[in-house]
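Novice: First the structure, which I've put down as structure tokens, then a few questions once you've had a look.
The values are calculated or read from the model by the stated rules, or taken from the named source; none is laboratory data. None of these values were measured; they are calculated from a predicted model. A quick note on method: Cβ atoms are made from the backbone with ideal geometry, for glycine too, and the neighbour counts reach across all protein chains shown.
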Amino acid sequence: MKGNHDEIANKCSARARRVGSSWSKVIPILQNQGFNVVAAQIPLTSLDDDIGMTKNLLASQKGPTILVGHSYGGVVISGAANDATNVVALVYIAAFALDEGESIESLGKQGPAPAGAAHIRPDDEGFLWIDRDGFSQAFASDVDPIEARIMAAVQKPLSVNRSRQSRVRPPGSIYRPGIWSLPTIR
């Protein structure tokens, strides 16, 4: 991205399970390169709520903006990019990128469940939590064990009743350049 500085003014990110501070190691690097970086604090109550929060954040950005999403945040940035004229690219970091009409639930049924899925549990209010004991395996296998325990302690639950069923209208990714980063499994 270095060298594109004059063309790209902002970077906004969305990530499920943790607060926006989960980008704390990346934010200073980008800020030191002169980018305005903002991390969305999405509520995880519904896909529409999460997209709405991200769109509000986008509306406050001046100039061309790159949206970055991790995990469920990929679905959020795909929806938030629709009708956002300042979004010039989407970056998916180990993220869901749904096609029009797909849901996370339908995507999850296309293959075997990942090993970490056994650690995800719904509560009585319809939210999904990752068991603290299995958090590292389910969500943070490449993270320092102490940091993974902190991540488990501050995780935000995802609404199973609304977010899994929500379908994406034409994703913003079909109108803009997209970059995908896929993790390797150890």
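Novice: Name every residue in the stretch 52-64 that is surrounded by fewer than 24 Cβ atoms within 10 Å (Cβ to Cβ) and either charged (D, E, K, R) or touching a helix residue (DSSP H, G or I) at 6+ places or on another chain (Cβ under 7 Å) (or both), in order of residue number.
Specialist: To start, the set of residues in the stretch 52-64 that are surrounded by fewer than 24 Cβ atoms within 10 Å (Cβ to Cβ) comprises 52-53, 55-64.
Passing the criteria: Lys55, Leu58, Lys62.
Novice: Taking the stretch 93-133, which residues are closer than 24 Å to Pro145 by Cα, of a type outside the set (Gly, Ala, Ser) and under 19 Å from the mean Cα position of the chain (by Cα)?
Specialist: Correct list: Ile93, Pro114, Ile120, Leu128, Trp129, Ile130.
Novice: Quick check on my filter: what residues within the stretch 133-186 are modelled with pLDDT of 60 or more and among the charged types (D, E, K, R)?
Specialist: Asp133, Asp142, Asp144, Glu147, Arg149, Lys156, Arg167, Arg169, Arg176, listed by residue number.
Novice: For Thr85, all conditions in the list (1) loosely packed, with under 13 Cβ neighbours inside 10 Å; (2) in contact with a helix residue (DSSP H, G or I) (Cβ under 9 Å, 6 or more places away or on another chain) hold save one; what is the number of the exception?
Specialist: It fails just one condition, (2).
Novice: Quick check: is even one residue across the stretch 71-86 over 18 Å from Lys55 (Cβ atoms) and either part of a loop (DSSP other than H, G, I, E, B) or at pLDDT 85 or above (or both)? If you could, list the steps in order and put the result at the bottom.
Specialist: First, the residues of the stretch 71-86 that are over 18 Å from Lys55 (Cβ atoms): 71.
Filter again for either part of a loop (DSSP other than H, G, I, E, B) or at pLDDT 85 or above (or both), leaving none.
No; the residues of the stretch 71-86 include none that is over 18 Å from Lys55 (Cβ atoms) and either part of a loop (DSSP other than H, G, I, E, B) or at pLDDT 85 or above (or both).
Novice: Restricting to the stretch 37-64, give me the number of residues that are within 11 Å of the chain's Cα centre (by Cα) and assigned to a loop (DSSP other than H, G, I, E, B). Talk me through it step by step, then tell me what you get.
Specialist: Restricting attention to the stretch 37-64, the residues satisfying the condition of being within 11 Å of the chain's Cα centre (by Cα) are 39-42, 44, 50-51, 54.
Then drop every residue that is not assigned to a loop (DSSP other than H, G, I, E, B), which leaves 40-42, 44.
Number of matching residues: 4.
Novice: Name the single residue, out of those in the stretch 111-123 being under 19 Å from Ala152 (Cα atoms) and part of a loop (DSSP other than H, G, I, E, B), that is modelled with the highest pLDDT. Steps first, answer last, please.
Specialist: Going through the stretch 111-123, the residues under 19 Å from Ala152 (Cα atoms) turn out to be 114-123.
The next check asks that each one be part of a loop (DSSP other than H, G, I, E, B); those that pass are 114, 123.
Working: Pro114: 77, Asp123: 92.
Within the stretch 111-123, the match that is modelled with the highest pLDDT is Asp123.
Novice: OK, next. What number of residues within the stretch 24-48 are surrounded by fewer than 17 Cβ atoms within 10 Å (Cβ to Cβ) and at negative phi? Lay out the reasoning, then the answer.
Specialist: Restricting attention to the stretch 24-48, the residues satisfying the condition of being surrounded by fewer than 17 Cβ atoms within 10 Å (Cβ to Cβ) are 24-26, 28-29, 31-34, 36, 41, 43, 46, 48.
Of the ones still in play, those that are also at negative phi are 24-26, 28-29, 31-33, 36, 41, 43, 46, 48.
Residues that pass the stated criteria total 13.
Novice: Let me ask something else about it. Leu67: closer than 21 Å to Leu158 by Cα, in contact with a Pro (Cβ under 7 Å, 6 or more places away or on another chain) and not in a helix (DSSP H, G or I), yes or no?
Specialist: Values: closer than 21 Å to Leu158 by Cα: yes; in contact with a Pro (Cβ under 7 Å, 6 or more places away or on another chain): no; not in a helix (DSSP H, G or I): yes.
Taking the combined requirement at face value, the residue does not satisfy it.
Novice: Hey, could you check the stretch 103-140 for residues that are out of contact with any helix residue (DSSP H, G or I) (no Cβ under 8 Å at 6 or more places or on another chain) and touching a residue at least 60 places away in the same chain (Cβ under 8 Å) and say which is surrounded by the fewest Cβ atoms within 10 Å (Cβ to Cβ)?
Specialist: Looking at the filtered set, the residue picked out is Glu105.
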